[in-house]
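So the structure is just underneath, and the comments pick up after that.
The values are calculated or read from the model by the stated rules, or taken from the named source; none is laboratory data. From a predicted model like this one, the values you see are computed outputs, not experimental measurements. In this analysis, Cβ positions are derived from the backbone assuming ideal geometry, glycine residues included, and neighbour counts consider all displayed protein chains.
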Amino acid sequence: MITIIDYGMGNLGSIYNMFKHINVESKISKDTDEISKAEKILLPGVGSFDAAIERIRENGLKEILDQKVLVEKVPILGICLGMQILTSESEEGNLEGLNWISGRTKKFVFADNHIKIPHMGWNIVRSSKTNPLTYNLAEDSRFYFVHSYYVKVYEEKNSLLKTTYGGIEFDSAIQKDNIWGTQFHPEKSHKFGMKLLENFAKI
Amino acid sequence: MQNLVVCKNCIYDSRIPGIYFDHRGICNFCAQIDKLEIEYGTGTKTGEEKFNQILSVIKLSGNKKKYDCVVGVSGGTDSSFLLYKAKEWGLKPLAVHYDNTWNSAIATENIRKVTTKLNIDLFTYVIDNKEADDIFKSFLLAGVPEFDAPTDLAFTQVLRMTAAKFGVKYILEGHSFRAEGISPQQNNYFDGKYIKDIHNKYGKVLMKTYPLMTFYQFMKWILVYNQKFIRPLWYIDYSKPMAREILIKETGWQYYGGHHLENRAASFVHTIYHPQKFGIDNRNWGLSAEVRAGVISRDEALQIYNMPITPDPELVEYVKKRLSLSDKEYEEILNGEKRTFRDFKTYKKRFERFRLFFKLMAKMNLVPMSFYVKYCFPLPGEK
Amino acid sequence: MLRTRIIPCLQLIDQSLVKTVQFKKHNYIGDPINTVRIFNELEVDELCFLDIRATVEKREPNLKILTGIANECFMPLSYGGGLRDFETVKKIFSIGFEKVVINSFAVEKPEFIKKVAEHFGNQAVIGSIDVKKNILGRYNVYSKDGTEKTKLEPIEWAKKLEELGAGELLITSMDNDGTWEGFDIEINKKIANAVSMPIIANGGAGSIEHIGEVLLKGTVNAVALGSMVVYQKKGMGVLINFPDKEQLNNEFLKIKK
């Protein structure tokens, strides 16, 4: 059972739909009791960095999540903004991130105004390591991205996948211990995303 | 299954309605096919000559016209191959597709690839989706096996309508008795009256866009429009594996892994509805045909036939969703009463009365020979 | 490398899929859910659904159909048509769409765009502009499925929409819609040069070359396809399809050169 955290940030229906499609049990929850019993957590997120952190605090989730992730070592996958808030800080806001993976969320800045922001659409990922989350991904895997900020982890060992947009290379997936994050939306990435979520379900 | 008798030639067995065996232990279906092969000269010089004559008449009829024939297409092997051959024979075909709105991507992709590659125009008749679903649902509620019959009949009607619309006299259809066999008739009956009757009794939506073929229209197509129904694969040497190989190589066409599985409604009939409600496994048509044609051995066919059918659980969900059936309603349908076309109004008796007329019409290619063979005689055990 | 997005743009009238020619003459295409399944199997980049008559017929979006669509689709989805209040927009997002397309109501009440963008982010809002050229070659903005001519000037309106918070623009040429004659390069280029958000060109695609042309000369970022993905070819039968991927890639390579 995967618990999809509903903290008012973004599109949970499509994540739930994809889990259902691949026959993985999941539930959407904002109930702190329920979350404190979670076996596996999915942290979605669309919107702004500070708003997300605030909502987590307001809902009393910060302590529970710290306990689940850092002490109980429950596997967690952050998607899009849900990955960005795993880092230490963001150029988008002033609040401190969850700081589970040390890194910085930065703003895309391009001199050439033909390179549009957000980075929106299908892009490829490069991988140099084997990891349960990215296990057996097809050679031609592509994923759907939509974001104006990107993550750079401080320690290279925490970088799992890399993607380039407009000449900037960023970490499109990150990992440390039981904590994973993807910048792209696996739930919107056809069979490629399905494979990745299947992998997460098996961890 | 102690008394199960299996045909010595194919894999049809005594569970098939209307089957009987001769002194050699060979079934009447095999005998029927042998008879047709002789009559049509299938795959022989005679067949070829017969067909070449037809070809030249078709070509003559289309002189100075944009099209000289219409070819029904579904994206499946036979119809795709026929389109390919039509072009090779120098015909000017218009491809015609009846869209029952239950197509799979592989069907539409195949139609795209074949028509684009061969530069053939396509005419499509699309039924209103709500109406299609209502008609499909009425067949489930009626408890009869012919769930997909509305598609088969509409397909024929659309072919005839389109031929009339474009002033074409020749209708080519990719049926092959050799490759597909003649299907056992007692769970595969359809005519306009039958469909109308079931829909009248169980349908909710007004029938407006469904191309229903009434007896009157059937007569009109034959007698007024003089439309000839040609099945080229009855004459020429044909096998599905050979056809697939050519199609894949020449057009990028893709195989979908089984007879009729390119459409979700047909797929539902063959992999779920027939086996689960009626205990019918239609794989024996194709397998028997392959055995008769020497594509696979009888042992191989029996081996495949004895393997369970693997339905796609998603397809069940799809059917429930499209037809707005709750889990309970769906279960009730699958476990409910089984009926046959005899429980409803049909043209069957009328077809039988007109037997001699249809025999003549079949000889003149105005109706398919299989129509005459299957529909104009009382079924075994009937008066 | 970021792929150029080629987006089937499908027109709904309530539960039916249709296709128009120059915003008139609705041709029936088929069942939306089954069509979506086909596009899903074809792994298209993204899908856009527009209920073209919802506003005019004063209908709410058909949430049942949209839920059915979202349950089938594992790709980005956008919806437009009859979106006039925040609660409905919220529902559209909650069932699994990630973008809403707003046209008529933005003309009536521009702050609506702002409200949606502030709450769901700019990336969630596609501003939609229907343009038509008059006899003098001037472009006008139309609303309500092309039935109402507005006083707005397309380029100024595009800038205004960006300012209000739209993250993308869908530019539809009413003259070219359903003609298979190619995109209106001029208006797409003018708008693309005036704003910094991505532009989706819509209306008129008839061949893979047209797609290449509007990307290169119109300098747009994405392309919407209507007739091309629902018909076999011009004047021919309904056939749900997507342009050959290899041919598309060749066309993209030409642009890169």
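If only one of B:K345, B:K349 is within 23 Å of the chain's Cα centre (by Cα) and outside any helix (DSSP H, G or I), which one is it? Break it down into steps so the answer makes sense when it comes.
On the way: B:K349 fails: outside any helix (DSSP H, G or I).
After applying the criteria, what remains is B:K345.
In region A:130-159, which residues are free of Cβ contacts under 8 Å to residues at least 40 places away in the same chain and either of a type in the set (S, T, Y) or more than 25 Å from A:I115 (Cα to Cα) (or both)? Explain how you work it out, then say what you get.
Within region A:130-159, the subset free of Cβ contacts under 8 Å to residues at least 40 places away in the same chain is A:130, A:139-140, A:156-157, A:159.
Passing the criteria: A:T130, A:E139, A:E156, A:K157, A:S159.
Pull up region A:31-44, narrow it to residues that are touching a strand residue (DSSP E or B) at 6+ places or on another chain (Cβ under 8 Å) and farther than 15 Å from C:S94 by Cβ, then point me to the one that is nearest to the other protein chains (Cβ to nearest Cβ). Checked region A:31-44; the qualifying residue nearest to the other protein chains (Cβ to nearest Cβ) is A:L42.
Scanning region C:100-139 for residues that are within 14 Å of chain A (Cβ to nearest Cβ) and of a type in the set (D, E, K, R) gives a single hit, C:E118. Among the residues of region B:352-380, those that are closer than 18 Å to B:Q32 by Cβ and not in a helix (DSSP H, G or I) comprise B:V367, B:P368, B:C376, B:F377, B:P378, B:L379, B:P380. In summary, A:S148 fulfils each of the numbered conditions (1) at pLDDT below 95; (2) more than 30 Å from C:A192 (Cα to Cα) with the single exception of condition (2).
Within region B:135-158, if we keep just the residues that are out of contact with any strand residue (DSSP E or B) (no Cβ under 9 Å at 6 or more places or on another chain), of a type in the set (G, A, S) and at negative phi, the residue that is modelled with the lowest pLDDT turns out to be B:A149. Residues that are within 16 Å of C:S78 (Cβ to Cβ) and either of a type in the set (D, E) or free of Cβ contacts under 8 Å to residues at least 60 places away in the same chain (or both) within region C:168-203 comprise C:E168, C:L169, C:I171, C:T172, C:P198, C:I199, C:A201, listed in sequence order. Inspection of region C:134-143 finds no residue satisfying the criterion of being buried (at least 24 other Cβ atoms within 10 Å of the Cβ), within 20 Å of C:A224 (Cα to Cα) and out of contact with any Cys (no Cβ under 9 Å at 6 or more places or on another chain). Strands (runs of 3 or more DSSP E) fully within region A:110-168 that include at least 2 residues being touching a Phe, Trp or Tyr at 6+ places or on another chain (Cβ under 8 Å) and either within 8 Å of chain C (Cβ to nearest Cβ) or closer than 18 Å to A:M194 by Cα (or both): A:119-124, A:142-147, A:159-165.
Would you point out which residue out of A:I15, A:I28, A:I5, A:I22 is within 14 Å of chain C (Cβ to nearest Cβ) and surrounded by 21 or more Cβ atoms within 10 Å (Cβ to Cβ)? Show your work before the answer.
Details: A:I28 fails: surrounded by 21 or more Cβ atoms within 10 Å (Cβ to Cβ); A:I5 fails: within 14 Å of chain C (Cβ to nearest Cβ); A:I22 fails: surrounded by 21 or more Cβ atoms within 10 Å (Cβ to Cβ).
Only one candidate passes the filter, namely A:I15.
Residue count for region C:211-232 under the criterion of being free of Cβ contacts under 8 Å to residues at least 40 places away in the same chain and more than 25 Å from C:L169 (Cα to Cα): the result is 1. The set of residues in region B:43-62 that are within 12 Å of B:I236 (Cα to Cα) and among the charged types (D, E, K, R) comprises B:K45, B:E48, B:E49, B:K50.
Highlighted here are the strands (runs of 3 or more DSSP E) found entirely within region B:83-175 that include at least 2 residues which are within 12 Å of chain C (Cβ to nearest Cβ) and in contact (Cβ under 8 Å) with a residue 40 or more places away in the chain: B:93-99, B:122-126. Of the numbered criteria (1) surrounded by fewer than 19 Cβ atoms within 10 Å (Cβ to Cβ); (2) of a type in the set (D, E, K, R); (3) touching a strand residue (DSSP E or B) at 6+ places or on another chain (Cβ under 6 Å), the one B:K228 fails is (1). Of the candidates A:I101, A:I174, the single residue that is β-branched (V, I, T) and either within 14 Å of chain C (Cβ to nearest Cβ) or not in a loop (DSSP other than H, G, I, E, B) (or both) is A:I174. Within region A:67-97, the set of residues being surrounded by 13 or more Cβ atoms within 10 Å (Cβ to Cβ) and either of a type in the set (S, T, Y) or without any contact (Cβ under 8 Å) to a residue 12 or more places away in the chain (or both) comprises A:T87, A:S88, A:S90.
This table checks each residue for (1) among the small types (G, A, S); (2) surrounded by fewer than 19 Cβ atoms within 10 Å (Cβ to Cβ).
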position: B:N3; (1), (2): no, yes
position: B:I33; (1), (2): no, no
position: B:G41; (1), (2): yes, yes
position: B:Q53; (1), (2): no, yes
position: B:K66; (1), (2): no, yes
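Scanning region C:208-231 for residues that are within 14 Å of chain B (Cβ to nearest Cβ) and touching a His at 6+ places or on another chain (Cβ under 9 Å) yields one hit, C:M228. Every condition in (1) more than 14 Å from chain B (Cβ to nearest Cβ); (2) within 22 Å of B:T108 (Cα to Cα) is met by C:P243 except one, and the failing one is (1). Could you tell me whether any residue of region A:180-187 is within 15 Å of the chain's Cα centre (by Cα), more than 14 Å from chain C (Cβ to nearest Cβ) and either farther than 25 Å from A:Q67 by Cβ or of a type in the set (A, V, I, L, M, F, W, C) (or both)? Taking every residue of region A:180-187 in turn, at least one turns out to be within 15 Å of the chain's Cα centre (by Cα), more than 14 Å from chain C (Cβ to nearest Cβ) and either farther than 25 Å from A:Q67 by Cβ or of a type in the set (A, V, I, L, M, F, W, C) (or both).
Mind telling me which of the residues C:E186, C:E168 ends up being surrounded by fewer than 19 Cβ atoms within 10 Å (Cβ to Cβ) and over 12 Å from C:C9 (Cβ atoms)? Break it down into steps so the answer makes sense when it comes.
Values: C:E168 fails: surrounded by fewer than 19 Cβ atoms within 10 Å (Cβ to Cβ).
Within the list C:E186, C:E168, the selection yields C:E186.
Starting from residues that are touching a residue at least 60 places away in the same chain (Cβ under 8 Å) and surrounded by fewer than 19 Cβ atoms within 10 Å (Cβ to Cβ), keep the ones in region B:240-256 and report whichever is nearest to B:F357 (Cα to Cα). Once the filter is applied, the top-ranked residue is B:R244.
The sole residue among B:V269, B:V291 that is touching a residue at least 40 places away in the same chain (Cβ under 8 Å), surrounded by 15 or more Cβ atoms within 10 Å (Cβ to Cβ) and under 19 Å from the mean Cα position of the chain (by Cα) is B:V269.
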